[in-house]
Structures are given as C-alpha cells and as structure tokens.
1. I'd like to know if region B:51-72 contains one or more residues that are away from chain A (no Cβ under 13 Å), over 18 Å from A:PHE21 (Cα atoms) and outside any helix (DSSP H, G or I).
2. Taking the stated definitions as given, is A:VAL99 without any contact (Cβ under 8 Å) to a residue 24 or more places away in the chain and either hydrophobic (A, V, I, L, M, F, W, C) or not in a helix (DSSP H, G or I) (or both)?
3. Only one residue in A:ALA48, A:ALA24, A:ALA62 is touching a Lys or Arg at 6+ places or on another chain (Cβ under 8 Å) and more than 14 Å from every other protein chain (Cβ to nearest Cβ), so which one is that?
4. Of the residues that sit in region B:113-168 and are buried (at least 20 other Cβ atoms within 10 Å of the Cβ), among the hydroxyl-bearing types (Ser, Thr, Tyr) and out of contact with any Leu (no Cβ under 6 Å at 6 or more places or on another chain), which one is farthest from the other protein chains (Cβ to nearest Cβ)?
5. Exactly one condition in (1) more than 14 Å from chain A (Cβ to nearest Cβ); (2) aliphatic (A, V, I, L, M); (3) free of Cβ contacts under 8 Å to residues at least 60 places away in the same chain is false for B:ILE44; which is it?
6. Say whether the condition of being in a helix (DSSP H, G or I) and over 28 Å from the mean Cα position of the chain (by Cα) is met by at least one residue in region A:24-35.
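Each reported figure results from applying straightforward, stated rules to the coordinates on display, with no laboratory input. Predicted, not measured: the structure shown is a model, and the values here were computed from it. Positions of Cβ are backbone-derived with ideal geometry, glycine not excepted, and every protein chain shown enters the neighbour counts.
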Amino acid sequence: MLSVIIVIYCILIISALYYNFFKAINYVRPVMVMDRLIQCFKKSPQQALMKEKILITISEHAAKQYLDPTLTEPATKITLDVLLKELEISVNTYKLAMVDQETFHELRRKEIFKYAAEALKYHKVHTVALMAGYGGTTGPRSFTEMFKKIYNITPSELKRKHNPLNSCSI
Amino acid sequence: MEFFTNHFFMVIDAYIFELELLALFLIFIVVIKKNEINSSIVAIVVSLLVGLYSLVIGPKVLDWAANTPDLKHEIRFVFYMGFIHADLAGIYVIRKINEVLKVKPGDICNLVLLMFVARASITTIRYMERLIQDTNYLELFYKTSINSINVTSTLTILCLSFMFLMKNTAPIKANKIVNNINNYIRKRTFFFPVSFLINKKWKL
C-alpha cells in the first residue's frame, strides 16, 4: 500500500517536473494540455452547473430548428455570440466551464444531427437538411456527407430503415 | 565492468565538487564585476547549487544507510526523493527567475533544464526499480549516466564561466533587475495585511 502511494507521488512529482520544464522552455502545446487537466480537477460546482446550462441551451436551440417543417430557407443555427448573450456570460467564463469539452461548433453539430436522425422518421431528407441549416445548391449534399460521417449511414438509407415500405417498388 | 568501481565514482565526485566551486566562484566574479546577468548565468548558478547540494548530501545519506541497515526503505526514499526534489526545485527556480527578470531562456538555459529533467527521470526510474522489484539491474546504468551528466555539465559550465569572464554579453543591467524584483514583490505583497496597515489611503 505504501509503495503504491510512493509510486503515485513519484508520478505527480515527475509530471510537475515536466510541466515546469515545458513552461520554462516555452513549449506551449504540452503546457496547454496539462493546464486543461489541472482545470478539470480545479473545476468548481458553479462551473459544472454552467457547463450543464450551456449544453442544455445548445440542445434547446438545436431542437427549435426542427419545429417548423414548412421551411423554404435553411434554419438559422445558434452562434456563440447569441449563446453568450442569452446566458449573460463572458467568453472566458464559457471557456473555463467548457475546458474539457469539444469546441462550440462541434457541440452544435452533434446536437443538430442528433435531432436530424429523429426528424428523418417524419420528414423528407431535403426538408430535414433545411431544418438542420443546410441550404442552397450544395446544402443537401453536405448534409448527407456530414450525416454519413457521424452515423456511418446516409439519411435516405436511415429513412428506408425507419419505413421499409418506401423502398418497396409496388 | 571493473572499471566503474565505487572508488572511481568517489574520486570523480571529489573532482566535480572542486570544479563546481571554482565555476561558482568565477560566475560570482562575472556577476559582481560586470554587473550583468542573463538566463544562462541564472541557469548555471542554479545548476551549480543543486549539484553542490547533491554532492554534499549524497555521501552523508550513504553513510547513514551503512550505519543503520534497519531503516533501508526510509533512507532510500530520502536519498532518491531528495535528488528528484532538488531537480524539480532547480527547474522551478530557473523558470521563476526568468519570469521575474522577463528574460527569454537561451540555448544554455534550455540545456541546463534538459539536464535536470534527464537526471530526475533517471533517478525516478532507478527508484521505481528498487521500490517495486528491489533488484539491482539498473545500478551500473544509474551510476554511469548520473556521473556522466554531472561531469559533462560541470566541465561545460566551467568552460562557459571562463567564456563569460573573458567576454560577456549584456542583455540586462543591474538596475533593471532590482526594479523588476521590486515590482514583483510589490505585486505579491499587495494583499498582505501589513500593506493595508501601511497604506495611507485606508487611514487605519
């Protein structure tokens, strides 16, 4: 038991040593990674609450995009500025709360495509693409490509799975 | 194999001790006479002090271990951890001094820092071996690598201190150093209760 504690202590000391070394020689990347790790341990309950709040707001905005099926133009996606204004927080607060998370755009995309998979049960592919904010001439194609990247299946294939009668030729 | 005996390492340590003292003396002459300092001088002085510490403390701990075999594990902990902590302190002090003086680390400073990291890593590996396995496979590797790092660093530092004595570049003047240190202390002690009492604005 004592040797395990000593081993853990040694690992901590060595990490502190490398952290100081990288900081001293101005090698930014490892220092950033280590800072992120330290921030994860240091995170206060307020920051954890803020993180949940941010994730819920992004999810709500993504869900709102799918409310109107009679869209003719692509739905507007939430931007970082809008989110910050809505929650009345600064960029630094956002960064501190979401230090262990993906970037804002990745989170937004994930949420949008989560609802897109659901919406495909009830709407056509090009309508869902518009709801997801993919418009214009290349919109549906980009939507399909991104959808395939995330779910490893095209939207039309998923739609056929949901409703097998669509694929029937009779 | 027989070439690397304990006597051989002891002789090397004795020479290193004298050479390090000489290098420290030369560096102090450079600092006092020329009134100048840079990141390389800071790194060299810290590495010499850490080296002297390990050369003084190391044999004493070994003597203590020879006299009290019952406290084998405790003495091992003190011996290896002392070196690792000294190296960590060395890196930390160099980084902090460079921050206070607002100096960018040069190549010599980076080399000294690398030496600290290498030494601490080797010491940790050796200690892990002794702690977990209680074997002596890495004894030769540890002794030769640590001694070679010490010898090469001491000789290089001695050459560098001669070079600094002959020809010295001057990135920072002494007044600037004093001002920077004063600013740093002022910033750090601003929230200290005494500074509230002294501060005339508060009228306490």
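1. Scanning region B:51-72 turns up at least one residue that is away from chain A (no Cβ under 13 Å), over 18 Å from A:PHE21 (Cα atoms) and outside any helix (DSSP H, G or I).
2. So A:VAL99 does not fit the description; no.
3. Answer to the selection: A:ALA62.
4. Ranking the candidates gives B:SER153 first.
5. So B:ILE44 meets the others, but not (3).
6. Yes, there is a match, as at least one residue in region A:24-35 is in a helix (DSSP H, G or I) and over 28 Å from the mean Cα position of the chain (by Cα).
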